[in-house]
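Report on the following structure.
The values are calculated or read from the model by the stated rules, or taken from the named source; none is laboratory data. Small disclaimer: the values here were computed from a predicted structure and weren't measured. Heads up, the Cβs are rebuilt from the backbone with ideal geometry, glycines too, and the neighbour counts pull from every protein chain shown. Side chains are part of the model used for accessible areas, which takes the heavy atoms of the whole protein and leaves out ligands, DNA and RNA. Shrake-Rupley method; radii C 1.70, N 1.55, O 1.52, S 1.80 Å.
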Amino acid sequence: MWTSGVNALWRAAYRRAVRSAFATVPLYRERWALGGRTDPVVVPGRTGTHGGAITAEEAVRKVVDLVPLAGGAASPDPARGLGHVLPLARPPRPGTLVVVVDPAIPRPPTDLPNTLRGCVLDPASLTGGTRPAALDEVVTALRRNGNVTAVGPDEAIAALVAALPEDLAHRVDRLPHRALDRLDGGPFGLIHDPVLGYLGGIGHCGRWHLDWPRVYARRTTGGLALTLLRQSSPRLVDILVAGGVRGEVAPCPRHGTPVVLT
């Protein structure tokens with residue numbers, strides 16, 4: 001059972017996002033008016049393709065048309081949401097340096113709590129001739145208080161740890177992120193997409209929880225379609241990620257909030 005009307009609140013937020021996108025975003029205005037929607041219906045009797053969902057590749061290709069008529073950012077933020085999903089997966093201690101080790105994420109996360117600091121590190125820079133400044137920042141943080149959480153693909157985190165002095169390497173908290181079609185048994189991890197950003201993580205119950213106040217997911221004939229509920233621009237509504245992920249969205253039997261089953 002969904003707890004305390006979570007499903008109703010989640011669904012209402014999604015419907016508001018759809019109505020707003022149809023009213024203000026060029027791509028959705030044109031696409032949905034021509035093809036219609038299955039849920040909610042925009043043009044009665046017409047269903048469109050995959051219920052109106054679009055692929056992440058198309059969203060990137062047409063990102064300029066995902067900016068609302070009133071204006072806004074015209075590029076996705078692959079670090080979006082990290083500050084919200086960290087407490088879900090592995091709450092960091094105050095003063096922690098969160099280092100994102102991923103070549104696809106060029107800028108530090110902007111939504112970390114004030115008690116945390118963030119930086120990014122391209123793992124390719126660890127093998128070059130010049131020592132990256134971010135590596136010095138990690139070493140300094142480890143020597144000062146030992147609070148460093150490394151986020152990124154497993155191989156990228158391993159490259160960072162291998163570049164650290166031996167007496168410090170074991171002190172790094174590792175928090176790998178996974179694509180929606182690569183979820184495993186954990187015990188720690190975050191859900192990440194290079195277009196939508198961070199979408200959720202493994203809770204204490206061992207299930208992959210969505211960041212449901214900010215991310216909506218529904219099944220379509222093309223796979224799971226995800227919507228960013230609070231991002232104003234570019235508007236990402238009903239995006240099919242990873243080429244179409246077959247899965248289910250169900251209530252967590254312990255927490256009553258949405259989890260992904262793939």
Study note, to complete from the structure: Of the candidates Ala156, His192, His84, the farthest towards the positive dipole end of the chain (Lys/Arg Cβ +1, Asp/Glu Cβ -1, centred on the Cα centre) is His84
Practice item. Under 10 Å from the Cβ of Leu97, count the other residues' Cβ atoms, weight Lys and Arg +1, Asp and Glu -1, and hand me the total. Key: +1
Exercise for review: Rank by packing, highest mean first: peptides 62-72, 100-110, with packing defined as the count of other Cβ atoms within 10 Å averaged across residues.
Suggested key: 100-110, 62-72
Exercise for review: Just add up the charged neighbours of Arg182: K/R +1, D/E -1, any other residue whose Cβ is under 15 Å from the Cβ of Arg182.
Suggested key: -4
Exercise for review: Determine the principal axes of the Cα atoms in the chain, then give the extent along each, sorted from largest to smallest and rounded to whole angstroms.
Suggested key: 66, 41, 30
Check your understanding: When DSSP assigns beta bridges and you keep just the ones with both residues in the chain, what percent turn out antiparallel, to the nearest 5?
Key -> 55
Revision key, fill the gap. With Rh as the Kirkwood radius over Cα pairs, region 132-200 has Rg/Rh of 1.02
Revision key, fill the gap. For region 82-194, the dipole about the Cα centre with charges only on Cβ (Lys and Arg +1, Asp and Glu -1), to the nearest 20 debye, works out at 380
Review point. How much of the accessible area of region 82-194, in percent, comes from carbon and sulfur atoms when a 1.4 Å probe is used?
Key: 53
Check your understanding: In whole angstrom, how far apart do the alpha carbon centroids of region 225-262 and region 94-149 sit?
Key -> 28
Study note, to complete from the structure: Which residues qualify? For Gly95, with a placed amide H closer than 5 Å and at least 5 residues away or on another chain, they are Leu116
Point to revise | Net charge, Asn147 excluded, C-beta distance under 13 Å - Lys, Arg +1, Asp, Glu -1 | key: +4
